[in-house]
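The values are calculated or read from the model by the stated rules, or taken from the named source; none is laboratory data. What you are looking at is a predicted structure, and each value in this text was computed from that prediction instead of being measured. So basically every Cβ, Gly included, is an ideal-geometry build from the backbone, and we count neighbours across all protein chains shown.
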């Protein structure tokens, strides 16, 4: 038995050697938080939000509290959540003044007739979300994790619940020294993340180039065409590097709980848990792999 399962990445990039263990530590903690939701009967979307919230709140990854500032010294955040069972998603881009864009992305998906909000108007929607009681704040801009739980670069995860339903996320502060208003791949459906009823994927790396090849959707398509998930991840990265000459990473999981990953960057911390809490694998996927 491979379900439920979760795979998490902490971002692909030029990780300093002494920071790689820190990245592994926090993706492992995030995976445990998300898996606790799954093992308690929560949905794939529930677990994906909790896992990503944990990473946004950690302060040790390029998302939420730990996000890189733009050239004006301001944290502009992007995020997306995808519900594979119905091909729905919520996205937020270039939002300031909050720490947890992933919860707003879910609110957009579930409580509005739209999919993508950006900038000041996204912040207004965040304020409405809090007023509606959809999520509670611990303090201004910081969401209280809404489910009981024991516990780089763009962060993201893929969750598969006991019914084989898939969710995927992506959350980031963007590339270093970005121009104000820049939005990368993280909130773009099919680029930063994608999920359907067969497979899900979450990408990390240089967003401008990930968008050019719609990396997450392409990797899922390779699985739909018959490749196993590890081969699909590797084929996606080969295609990405050939077409763009840039760096990225990808994680992927199918409805059976099979998973794959690949990067052409120096390192990408990942963590995987399948079927039971003590069935955990964590390491840094390296370029040589």
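Screening the candidates 156, 174, 184 for the property of being crowded, with 24+ Cβ neighbours inside 10 Å, at pLDDT below 95 and under 27 Å from residue 251 (Cα atoms) yields one hit, 174. Mind listing whichever residues of the range 266-277 are closer than 18 Å to residue 51 by Cβ and part of a loop (DSSP other than H, G, I, E, B)? Residues satisfying the conditions are 275, 276, 277. Taking the conditions (1) surrounded by fewer than 23 Cβ atoms within 10 Å (Cβ to Cβ); (2) touching a helix residue (DSSP H, G or I) at 6+ places or on another chain (Cβ under 9 Å) in turn, residue 90 satisfies each one other than (1). Residues in the range 265-282 that are farther than 22 Å from residue 36 by Cβ, buried (at least 22 other Cβ atoms within 10 Å of the Cβ) and over 15 Å from the mean Cα position of the chain (by Cα): 2 in all. In summary, residue 126 fulfils each of the numbered conditions (1) buried (at least 24 other Cβ atoms within 10 Å of the Cβ); (2) under 19 Å from the mean Cα position of the chain (by Cα) with the single exception of condition (2). Based on this model, can you work out whether residue 207 counts as under 24 Å from residue 114 (Cα atoms) and either modelled with pLDDT under 95 or surrounded by fewer than 19 Cβ atoms within 10 Å (Cβ to Cβ) (or both)? Here the answer is no, as residue 207 does not meet what is asked.
Here 102, 108 are screened, and the one residue that is under 22 Å from residue 144 (Cα atoms), buried (at least 23 other Cβ atoms within 10 Å of the Cβ) and over 16 Å from the mean Cα position of the chain (by Cα) is 108. Being assigned to a loop (DSSP other than H, G, I, E, B) and in contact with a strand residue (DSSP E or B) (Cβ under 8 Å, 6 or more places away or on another chain) is the filter; apply it to the range 88-111 and report the residue that is nearest to residue 182 (Cα to Cα). Here the residue is 96. Looking at the range 27-64, which of its residues are surrounded by fewer than 24 Cβ atoms within 10 Å (Cβ to Cβ), touching a strand residue (DSSP E or B) at 6+ places or on another chain (Cβ under 8 Å) and in a helix (DSSP H, G or I)? Once the filter is applied, which keeps residues that are surrounded by fewer than 24 Cβ atoms within 10 Å (Cβ to Cβ), touching a strand residue (DSSP E or B) at 6+ places or on another chain (Cβ under 8 Å) and in a helix (DSSP H, G or I), the range 27-64 yields 28, 32, 57. Filtering 240, 259 for residues that are surrounded by fewer than 24 Cβ atoms within 10 Å (Cβ to Cβ) and in contact with a helix residue (DSSP H, G or I) (Cβ under 9 Å, 6 or more places away or on another chain) leaves a single hit, 259. For the range 68-86, filtering for residues that are buried (at least 24 other Cβ atoms within 10 Å of the Cβ) and either out of contact with any helix residue (DSSP H, G or I) (no Cβ under 6 Å at 6 or more places or on another chain) or under 18 Å from residue 161 (Cβ atoms) (or both) leaves 5. If I filter the range 100-107 for residues that are modelled with pLDDT of 95 or more, out of contact with any helix residue (DSSP H, G or I) (no Cβ under 7 Å at 6 or more places or on another chain) and under 19 Å from residue 190 (Cα atoms), do I get at least one hit? Yes, the range 100-107 contains a residue that is modelled with pLDDT of 95 or more, out of contact with any helix residue (DSSP H, G or I) (no Cβ under 7 Å at 6 or more places or on another chain) and under 19 Å from residue 190 (Cα atoms).
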